[in-house]
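Q: The structure is given below, and queries will be raised subsequently.
Any read-out appearing in this document is the output of simple, stated calculations on the displayed coordinates, not a laboratory observation. The shown structure was predicted, so the numbers you read here are calculated from the model rather than taken from an experiment. Glycine also receives a Cβ, built like all others from the backbone with ideal geometry; neighbour counts cover every protein chain displayed.
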There are 2 protein chains.
Amino acid sequence: MAAQTVATGTPTADGAAKSVDLGPATALSCRECGHRVPLGPVFACEECFGPLEIAYDYSAYDTEELRKRIEAGPANIWRYAPLLPVPADVATKPNLNPGWTHLVKADNLARELGVTGGLYVKDDSGNPTHSFKDRVVAQALEAARAFGFTTLSCSSTGNLAGAVGAAAARAGFRSCVFIPHDLEQGKVVMAAVYGGELVGIEGNYDDVNRFCSELIGDPAGEGWGFVNVNLRPYYAEGSKTLAYEICEQLGWRLPDQLVVPIASGSQLTKIDKGLQELIRLGLVEDKPYKIFGAQAEGCSPVSVAYKAGHDVVRPQKPDTIAKSLAIGNPADGPYVLDIARRTGGAVEDVTDEQIVDAIKLLARTEGIFAETAGGVTVGVTKKLIENGLLDPALTTVVLNTGDGLKTLDAVAGTGLTATIRPNLDSFRDAGLA
Amino acid sequence: MAAQTVATGTPTADGAAKSVDLGPATALSCRECGHRVPLGPVFACEECFGPLEIAYDYSAYDTEELRKRIEAGPANIWRYAPLLPVPADVATKPNLNPGWTHLVKADNLARELGVTGGLYVKDDSGNPTHSFKDRVVAQALEAARAFGFTTLSCSSTGNLAGAVGAAAARAGFRSCVFIPHDLEQGKVVMAAVYGGELVGIEGNYDDVNRFCSELIGDPAGEGWGFVNVNLRPYYAEGSKTLAYEICEQLGWRLPDQLVVPIASGSQLTKIDKGLQELIRLGLVEDKPYKIFGAQAEGCSPVSVAYKAGHDVVRPQKPDTIAKSLAIGNPADGPYVLDIARRTGGAVEDVTDEQIVDAIKLLARTEGIFAETAGGVTVGVTKKLIENGLLDPALTTVVLNTGDGLKTLDAVAGTGLTATIRPNLDSFRDAGLA
């Protein structure tokens, strides 16, 4: 079957009407009130200010033809092009082509945690810039291309800066990334090496975000695609590919339980959306699954709300080593609460000490060196088993969304197990023989 | 076609005879004198002290059946199991499963360098511990399993330590890695996090290596597989998979030119071996190809010998930022010289400054953040074009064997392009609009 191409008259960055080919995407639809608008670089509903999501037309797909087409596709997220807001020929365009990362059968970790139903780690550290952000940025980039933007931008304090800089470089976009001016030197280097503009803002992360919103509304921001602001509806869809890959890698089967980190909550929300799509398309058999959300205690607004039985999330001031999850006022928090409750999951949090222990546990059992966010999901999995909320007899997938090389400080205490002189006597004395 | 399994009576670590299934591998053969011995944990010829290599029996393979079997295989090096010293069911055993990394069509870099015949970067930073070492360690691990070893070991100052620690953790081996006791803290952390023994030796890297050789000959080293010493013949074969992947990813076609980094020279030698195998098996059409070797000026023994027209390599004391290539007395140096001359390639070197420039060039054109070794190959490619030795009208593949996150110091000078206050006036004043 040929890809569906939907040409929609939509305002471009320069205000001119132009036909936009974003494959099966047909419109933007408000998550709150359902109001629809044409595909374009907008993110909030003009009626109720709710978040806009991509609406698709998948009606023409035959399940088995679609499955074959996906399986014959490239070993990256573009194998799922028929389900994403991208043109059918997306794989031929310059992009970082992330995805199709390892789903590791974690038998050693399963033994340590007492999981008998099959434990898997979806390891997104294998992406081009070593975090799941490559998935969402790749989507935003294709939207930016479709809307005629020439600059790719974002506010960031870490993974996103590198993902945007790298993707823009490959695709021939100018990039301009805004960060707090006093970020650690290592993080600055990781973002600066791709050669785009890297602008330090005299202020904190909130000041950076406020400035970016101001820039989008100003003529100076014309032609600028902010991946997580005016391109957010497209960007967010990238997280669906985690759900697609997990199910395909399990042999087109839903897992019973998933443990997903929560920053803004968007990733968890879109993983649920992806699973629902696979069920509706007949690509997996419908059956119950539970989604668990994972936070650091030092930034646990969703976990606190979950435990208190609240529907709204009360903002916190983050203080945790899990910086990539440190969003004190998560936009999708209420949706996360809804999904955790609807699926029979839960939201839990762990201390910084438990995060470090979990990073080491995953490394010594599976040889996966995770970012602090991976320590959060593994640590929460352990805690959920201990408190009886996660069933160890069921198939469970835990997400690792980033790479330990980016948060080396978290395990800085790790070191030599022995120091010896270069001879066998010294070796024996150290008890190593 | 079923995989060939060759059972060979061979001494195991504990001295008992045991049948070893290493797929199509039939024996060890001396590269110098051709003397053959059974498969076992030995690396030097008992007749002439030459290096032992794996000999295979590929005679039963039908070309098109083999091609189909490879293409239907997993998205990692085990798709080539029929051509490697591993059992046919290797993909079901716990290992890091590296490989099938991106072959990036580097059109932006090609434009900057004036390459018109197609330029590709084989980006091995996508491997599980982010260097090509995962390929060779995965092979050594399977040999260690076949020989009944229980401890995986190596001497290392960087990438290899992490690759061994991670692979051993996944596969349930004990690991014991030896490093100089005064290594930088960051490198110690990257190796220590996997939880194996990490032993600091009071001495320099030469002392570490001398001690490891002593340990192999001692009863205390019984059951120990040193990936790059007594398992070296198996380990080295992992580099063939780079050649296989490049050709398959080009549509089963030989590239015209390859630029390969030189440390011990083993990788370049085995890439040539892999290309020759594909030709003999009929998987690619036979045609001339040129292999170019790349070194840092601060450790350029092979390049110096090449330019002087020598057949032997005179050792150097390394002094370069490209630490993963800093082997002053490269064991396979003479073979590299032979291959460069036989194929019509060359060996060239670049300064540390040129290495840093090349890292930045690759990052800003293709969004690939390379380790210093990647700066060496890209820098050498540029130099070879300038001095007329590499033909820009031919298809060229440049290897990036590691990740920039591991050698951040090399680009520490990179930083903010501007610092502004969080308002539009400040933004405009900085000339960013």
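Q: Net charge near A:Leu278: determine it from the other residues with C-beta under 12 Å of the C-beta of A:Leu278, scoring Lys and Arg +1 and Asp and Glu -1.
A: Its environment carries a net charge of 0.
Q: Give, as a single signed number, the net charge of other residues whose beta carbon lies under 11 Å from the beta carbon of B:Leu109, with Lys and Arg counted +1 and Asp and Glu -1.
A: Numbers: positive: A:Arg170, B:Lys105, B:Arg111, B:Arg364, B:Lys382; negative: B:Asp107, B:Glu112, B:Glu366.
With Lys, Arg at +1 and Asp, Glu at -1, the neighbours total +2.
Q: Rounded to whole Å and sorted largest first, list the principal axis extents of the Cα atoms in the range B:281-329.
A: Largest to smallest, the principal-axis extents are 43, 25, 15 Å.
Q: For label points placed 7 Å from Cα toward Cβ, what is the shortest-first list of nm distances from A:Ala412 to its copies?
A: So the label point of A:Ala412 gives 1.5 nm to the other copies.
Q: Would you mind giving the mean number of other chain beta-carbons within 10 Å of the Cβ of each residue in B:160-170, as a whole number?
A: Mean number of neighbouring Cβ atoms from other chains: 3.
Q: Let me check I've understood the local charge: for A:Arg79, count other residues with C-beta under 12 angstrom from its C-beta, Lys and Arg +1, Asp and Glu -1. What total comes out?
A: After counting each charged neighbour, the total is 0.
Q: Calculate, axis by axis, the spread of Cα positions in the protein assembly as shown along the three principal axes, and write the results as whole Å, longest axis first.
A: Principal extents (Cα only, largest first): 85, 62, 53 Å.
Q: In addition: Among the lysines, select those whose C-alpha is under 23 Å from the C-alpha of B:Lys290, and discard any that sit fewer than 8 residues away in the same chain.
A: B:Lys105, B:Lys122, B:Lys240, B:Lys270, B:Lys273, B:Lys307, B:Lys382, B:Lys383
Q: Now for a different question. Rg to Rh for the range B:131-194: what is it, with Cα atoms only and Rh by Kirkwood?
A: My calculation of the ratio gives 0.96.
Q: Still on this structure, please answer the following. Below 16 Å, Cα to Cα, which aspartates and glutamates can B:Lys133 reach? Residues fewer than 8 away in the same chain don't count.
A: B:Asp123, B:Asp124, B:Glu142, B:Glu237, B:Glu245, B:Glu371, B:Asp403
Q: Here's a follow-up. What order do you get for A:153-160, A:407-414 when each peptide is scored by the mean count of other beta carbon atoms within 10 Å, highest first?
A: For the peptides A:153-160, A:407-414, the packing ranking is A:153-160, A:407-414.
Q: While we're here: Gaussian network model of chain A, Cα springs within a sub-10 Å range: biggest mean-square fluctuation belongs to which of A:Gly172, A:Gly162, A:Gly40?
A: A:Gly172
Q: Whole-Hz ³J(HN,Hα) for each residue in the range A:318-328, computed from phi via Karplus 6.51 cos²θ - 1.76 cosθ + 1.60 with θ = phi - 60°, x for glycine and proline: what do you get?
A: x, 8, 8, 6, 7, 5, 6, 10, 7, 10, x
Q: If you take the charge dipole of chain B about its Cα centre, with +1 on Lys and Arg Cβ and -1 on Asp and Glu Cβ, which of B:Gly221, B:Ala358, B:Ala44 is farthest toward its positive end?
A: Going by the Cα projections, it comes out as B:Ala358.
Q: Considering only B:Leu399, B:Leu22, B:Leu198, give the residue with the highest GNM mean-square fluctuation for chain B, with springs between Cα atoms whenever their separation is below 10 Å.
A: B:Leu198
Q: Suppose a student asked you for the relative contact order of chain B, using Cα pairs under 8 Å spaced at least 6 residues apart; what percent would you report?
A: Once divided by the residue count of chain B, the mean separation gives 14 percent.
Q: Another question, then. Expressed as a rounded percentage, what relative contact order does the range A:233-357 have, with Cα pairs under 8 Å and six or more residues apart?
A: That works out to 28 percent.
Q: Give me the inter-chain shielding for B:124-131: mean count of other chain Cβ atoms within 10 Å, whole number please.
A: Mean number of neighbouring Cβ atoms from other chains: 4.
Q: Residues with amide H under 5 Å of A:Val347's amide H, sequence separation 5 or more or different chain, H placed in the peptide plane at 1.01 Å from N; which?
A: Amide H neighbours of A:Val347, under 5 Å, 5+ apart: A:Gly293.
Q: So what J values fall out for the range A:152-169 if you push phi through Karplus, 6.51 cos²θ - 1.76 cosθ + 1.60 with θ = phi - 60°, rounded to Hz, Gly and Pro as x?
A: In residue order, the calculated couplings are 9, 9, 5, 9, 7, 10, x, 3, 5, 4, x, 5, 5, x, 5, 5, 4, 4 Hz.
Q: In straight Cα distance, which aspartates and glutamates are under 12 Å from B:Lys287, not counting same-chain residues fewer than 8 positions off?
A: Within the straight-line cut-off, B:Lys287 pairs with B:Asp256.
Q: Another question about this same structure. Given H placed on each backbone N at 1.01 Å, which residues far from A:Ala418 in sequence or on other chains put an amide H within less than 5 Å of it?
A: Long-range HN contacts for A:Ala418: B:Leu198, B:Gly200.
Q: What is the order of B:Ile262, A:Ile70, fewest Cβ neighbours within 10 Å to most?
A: Numbers: B:Ile262 32, A:Ile70 17.
Placing the least packed residue first, the sequence is A:Ile70, B:Ile262.
Q: Just subtract the alpha-carbon distance of B:Leu281 and B:Arg210 from 0.36 nm times their residue separation and send over the number in nm, one decimal.
A: 21.5 nm
Q: Need one value for A:182-195: mean number of C-beta atoms belonging to other chains within 10 Å of its residues' C-beta atoms.
A: 5
Q: Output wanted: per-residue J couplings in Hz (rounded whole) for the range B:403-417, from phi through Karplus 6.51 cos²θ - 1.76 cosθ + 1.60, θ = phi - 60°, x for Gly and Pro.
A: 10, x, 4, 8, 10, 4, 4, 4, 10, 4, x, 6, x, 4, 8
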